[in-house]
Amino acid sequence: MALLTIDIAKIEHNASLICREAAKADVSIYGVTKVLCGIPDVARAMLRGGVKAIADSRSENIATMRKADIPGPFVLLRLPNRSLARQVVTLSDMSLNSEYATCVSLSEAATAHGVTHGIILMVDLGDLREGVWPNAFMSLVKSVCSLPSLEIRGIGTNLTCYGGIVPDKDNLGVLHQLALEASTYVGYKLEVSGGNSSTLPLLFQKQIPKGITNLRVGEGIVLGRETVNRSPLPGAYTDACLISAEIIELKEKPSVPLGTVGQDAFGNVPLFVDRGWRKRAILSLGRQDTVPEGLVPLLSGVDVIGASSDHLLMDITDCTQLAVGDIMTFGLSYGALLAAATSPYVEKRLV
Ligand SMILES: *Cc1c(COP(=O)(O)O)cnc(C)c1O
């Protein structure tokens with residue numbers, strides 16, 4: 001079975017490093033647990049590292065963490081389903097929102113439960129995932145403000161997710177301006193949540209625009225890197241999460257298949273470069289476990305050359321010491337980690 005190891009001490013170190021850098025700029029950090037499916041010990045490590053709240057995109061993960069007595073507070077990142085408003089207000093203290101109709105449902109559910117639910121209103125600054133367009137923002141603030149049992153806590157934006165748009169002083173400046181206007185309207189200072197791990201370069205270069213008071217950080221803490229160029233954060237561990245699997249075949253074979261080429265297992269017609277006979281290893285790791293394209297071997301001189309559902313093919317010609325039964329270990333891209341954490345075939349081990 002493939003094994004995902006998660007080094008809790010490294011995650012705590014990364015959280016603490018980012019929180020200390022953020023504190024210098026009066027920015028708080030929400031620790032985002034969704035890439036590791038809300039594993040409670042990961043949330044605990046983030047809280048020890050100084051995050052102000054735990055944020056996750058799935059209520060199921062928040063429920064898991066609550067059951068494990070994680071104190072929270074909890075922020076639901078994905079826009080709530082209207083139909084699940086009751087679940088949202090009972091499990092999370094705050095949620096990100098862009099729809100008035102959903103806020104009406106949250107308000108009704110919160111009233112019925114006798115709780116106040118916090119709302120962060122999302123603005124789309126051009127990345128084209130969630131959020132209200134800036135010119136419609138104030139009217140959303142005004143209508144949500146009048147709903148009982150809800151409290152607008154902040155304004156937020158999400159960048160570098162769909163459109164790949166990089167946070168800068170222009171788009172975050174728009175966020176700040178809208179925050180000022182909304183704060184004046186509601187009569188208190190709103191949290192200004194200026195994005196995810198793609199805003200970390202601005203933070204570490206001490207160029208975070210004025211007025212930003214919060215970031216929601218997952219990849220930065222878990223994988224130790226920012227997400228504009230995927231550069232490591234200075235002083236952070238990038239190897240807190242590793243995946244490993246066993247070699248189940250090791251043979252010399254030609255680099256070009258024999259016979260007529262049709263479709264591969266996934267409907268693609270593969271192309272090959274003739275590099276002569278090569279030493280190849282097959283690992284018991286495939287698309288049901290992870291995203292093979294996102295694997296980075298720790299050993300040098302080996303290459304991932306392909307994968308099917310259950311097999312990872314490696315060229316290990318330049319690496320002599322390997323044998324059948326040996327374990328190979330890889331770093332992971334965000335997508336590869338997400339898939340591994342989600343796959344029931346991958347054992348998760350905290351170290
Ligand atoms: C996933 C998510 C984040 C965290 O993103 P990272 O790039 O992992 O830091 C922040 N905000 C929202 C709305 C998200 O969905």
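The values are calculated or read from the model by the stated rules, or taken from the named source; none is laboratory data. Here the structure is a predicted model, which is why all the values come from computation and not from measurement. Neighbour counts run over all protein chains shown; Cβ positions are idealised from the backbone, glycine included. To get the accessible areas, we keep the full protein, side chains included, count just its heavy atoms, and leave off ligands, DNA and RNA. Shrake-Rupley method; radii C 1.70, N 1.55, O 1.52, S 1.80 Å.
Over the chain, with every protein chain in place, what whole percent of the accessible area is carbon and sulfur at 1.4 Å, could you tell me?
53
Please give the contour-minus-distance gain from Asn135 to Ala112: 0.36 nm per residue of separation, less the Cα-Cα distance, rounded to one decimal in nm.
Full-extension gain reported as 5.0 nm.
Could you order Val296, Val346, Val228 so the one with the most accessible surface comes first? Probe is 1.4 Å.
The most accessible residue leads, giving Val296, Val228, Val346.
When the C-alpha atoms of region 133-187 are aligned to their principal axes, what extent does each axis show, in angstrom, from largest down?
The principal-axis extents, from largest down, are 36, 20, 18 Å.
Note down the accessible area of Trp133, probe 1.4 Å, to the nearest 10 Å².
Only protein atoms counted, so the area is about 130 Å².
What is the Cα centroid distance between region 123-192 and region 18-67, reported in whole angstrom?
When both Cα centres are located, 22 Å separates them.
Hey, what's the chain come to in accessible area per residue, 1.4 Å probe, Å²?
Each residue of the chain exposes 45 Å² on average to a 1.4 Å probe.
How high is the FRET efficiency from Met1 to Val269, r the C-beta distance, R0 30 Å, rounded to 0.05?
E between Met1 and Val269, to the nearest 0.05, is 0.40.
Run the numbers for Leu298 and Thr320: contour at 0.36 nm per residue of separation, minus the present Cα-Cα distance, in nm.
Contour length minus Cα-Cα distance gives 6.4 nm.
Give me D for the chain in µm² s⁻¹, whole number, from Stokes-Einstein with Rh from the Kirkwood sum over alpha-carbon pairs, 4 °C and 1.567 mPa s.
This corresponds to a translational diffusion coefficient of 59 µm²/s.
Taking Lys251 as the anchor, which lysines have their alpha carbon closer than 22 Å to its alpha carbon, excluding any fewer than eight residues away along the same chain?
Leaving aside lysines fewer than 8 places away in the same chain, those within reach of Lys251 are Lys279.
Relative to the compact globular guide of 2.2 N^0.38 Å, what is the alpha carbon radius of gyration of region 70-133, as a ratio?
It is 1.11.
Could you check the simple spin-label distance between Ala68 and Leu350, using points 7 Å along Cα→Cβ, in nm with one decimal?
Rounded to a tenth, the inter-label distance reads 0.5 nm.
Could you give me the percent of Cα pairs per 10 Å distance bin for region 1-146, shortest bin first, beginning at zero and ending with the bin that holds the maximum distance?
Computed distribution, short to long bins: 11, 35, 34, 17, 2, 0.
Please find the FRET efficiency linking Leu250 to Asn229, where r is the Cβ-Cβ separation and R0 is fixed at 41 Å, and quote it to the nearest 0.05.
Efficiency, rounded to the nearest 0.05: 0.70.
Specify the angular offset, from 0 to 90 degrees and rounded to the nearest 10, of the alpha carbon long axis of helix 169-186 from the longest principal axis of the alpha carbons in the chain.
30
Based on a Kirkwood Rh over C-alpha pairs, give the Stokes-Einstein translational diffusion coefficient of region 224-310 at 4 °C and viscosity 1.567 mPa s in µm²/s.
Reported coefficient: 82 µm²/s.
Once you charge only the Cβ atoms, +1 for Lys and Arg and -1 for Asp and Glu, what is the size of the charge dipole of the chain about its Cα centre, to the nearest 20 debye?
Taking the Cα centre of the chain as origin, the dipole is about 620 debye.
How long are the three semi-axes of the equivalent ellipsoid of region 1-49, in whole Å, if each is the root of 5 times an eigenvalue of the C-alpha gyration tensor, listed from largest down?
Gyration-tensor ellipsoid for region 1-49: 23, 11, 8 Å.
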